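One structure is given here, and the rest of the page talks about it.
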Amino acid sequence: MADLVRLHLTADLPIRVQPLVFAGRIELRLGNAFPAVLVVDGEALPRLAQAVAEGRAALDAVPGTGGA
């Protein structure tokens with residue numbers, strides 16, 4: 001997995017959203033000093049939200065794994 005980029009998001013990591021209206025995308029800017037940027041097409045936003053919800057549900061199903 002040498003070509004895998006892994007970002008560890010924590011509760012205190014700054015996340016800023018920059019809409020790119022002209023391109024129909026958003027940028028999620030993660031961090032401050034050396035930020036990473038995730039560019040998401042508007043059409044992909046529902047799938048991204050679904051994937052996050054699936055991950056959250058999986059954590060919530062297991063006691064002691066950080067679910068709310």
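The values are calculated or read from the model by the stated rules, or taken from the named source; none is laboratory data. Computed from a predicted model, the values in this text were never measured in an experiment. As a convention, Cβ positions derive from the backbone with ideal geometry for all residues, glycine included, and neighbour counts pool all protein chains shown.
Pairs meeting the criteria (first residue in the stretch 38-61 and at pLDDT below 95, second residue of a type in the set (Val, Ile, Thr), beta carbons under 6 Å, at least 6 apart or on different chains) are 59/65. The residues of the stretch 1-37 that are touching a residue at least 12 places away in the same chain (Cβ under 8 Å), assigned to a strand (DSSP E or B) and surrounded by 10 or more Cβ atoms within 10 Å (Cβ to Cβ), listed by number, are 15, 16, 20, 25, 26, 27, 28, 29, 30, 36.
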